[in-house]
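A short reminder: the numbers here are calculations on the coordinates, not readings from a lab. Since the structure is predicted, the reported quantities are computational estimates derived from the model, not experimental observations. Here Cβ is always computed from backbone atoms with ideal geometry, including for glycine, and neighbour counts include all displayed protein chains.
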Amino acid sequence: MDLKLFGQALAKFLLGAVLVGVLIFLPAGTLRYPQGWLLMLLLFVPMFLAGLVMMARSPELLRKRLQAREQENEQKQVVALSGLMFLAAFVLAGLNFRFHWCVLPPWLVWIAAGLFLLAYALYAEVLRENAYLSRTIEVQDGQKVVDTGLYGLVRHPMYAVTLLLFLAMPLILASPFSFAVMLLYLPIIVKRIRNEEKVLAEGLEGYRDYMKKVRWRLLPFIW
């Protein structure tokens, strides 16, 4: 086992869990926020298990997933906007619970939880299919175009899955206001995809042909 990689992964995991917890429970004014704990459970338990699997079977993929420094200026803007979106959504969810502005019904929370787990399973499948997935926009040495499985349906299945994940989060937190904020992810991810495809088309052999073969970028029959 690569102890340095394990330490980096564990540190980022704990930092992320603490940060999300603070953003949710501090505005709520209490730790007795059941929907907040439900999201923490659904978000971080599978993440921890997936990290252990990658550590054992594909440490290089885990290393790529931990890399978060974008080189493209346009992608730096996307990362910054995404961070602000999450900040606003989590804080609003806590405030919504605290002041009971408009709390969504339990049945909708549980449906969203089911969709969230489905999206997590699809996310794992995307990671299995594409060993070149890093968190930054780049063309890696020896990289090849992946066009099978979910990549045969849309060109960016990872972003399609994260769209489902991110829109389910505010519903799990029972906050319609946070859901409205998370809808901003749509123009943000469109901006990222356009820039990513430009980089891949210029630097990855066979990607232009793949773009002709698979028509849809994010959602089949829509875009």
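Could you give the longest part of the chain that holds none of the trypsin sites (Lys or Arg not before Pro) found in DSSP loops with at most 10 neighbouring Cβ atoms within 10 Å?
By the stated rule (loop sites, at most 10 other Cβ atoms within 10 Å), 70-223.
What 222 nm value per residue comes from the helices of the chain, counting each DSSP H run with n ≥ 4 as -39,500 (n - 2.57) and dividing by all residues, nearest 500 deg cm²/dmol? Kindly include the intermediate steps, with their values, before the conclusion.
Numbers: 9 runs with 158 residues, N = 223.
After summing the helix terms and dividing by residue count, I get -24000 deg cm²/dmol.
FRET efficiency for L95 and R32, Cβ-Cβ distance as r, R0 = 22 Å, nearest 0.05?
On the way: r = 15 Å, r/R0 = 0.69.
Computed FRET efficiency for L95 and R32 comes out at 0.90.
Going by how many other beta carbons lie within 10 Å of each one, how would you line up E125, E60, fewest first?
Values: E125 14, E60 11.
Least crowded to most crowded, the residues run E60, E125.
What spacing in nm lies between the two simple spin-label points modelled at A56 and L14, each 7 Å away from Cα in the Cβ direction?
Inter-label distance under the simple model: 2.2 nm.
For the stretch 3-213, what relative contact order do you get, as a whole percent, if you take Cα pairs closer than 8 Å and at least 6 residues apart?
Details: 215 pairs, mean separation 61.1, N = 211.
Once normalised by length, the contact order is 29 percent.
Once you charge only the Cβ atoms, +1 for Lys and Arg and -1 for Asp and Glu, what is the size of the charge dipole of the chain about its Cα centre, to the nearest 20 debye? All intermediate terms of the calculation are to be shown ahead of the outcome.
On the way: 23 positive and 15 negative charges, 42 e Å.
For this selection, approximately 200 debye.
Select from V199, L219, L81 the residue farthest towards the positive end of the dipole of the chain; place +1 on Cβ of Lys and Arg, -1 on Cβ of Asp and Glu, and compute about the Cα centre.
Positive-most Cα among the choices belongs to L81.
Using semi-axes √(5λ) of the Cα gyration tensor in Å as the read-out, say which of (i) 44, 25, 13; (ii) 25, 21, 18; (iii) 31, 21, 16 was calculated from these coordinates.
Label of the calculated value: (iii).
Of K4/K198; K76/K198; K191/K212; K76/K191, which ones are farther than 23 Å apart at the Cα?
On the way: K4/K198 34 Å; K76/K198 16 Å; K191/K212 20 Å; K76/K191 11 Å.
Result: K4/K198 exceed 23 Å.
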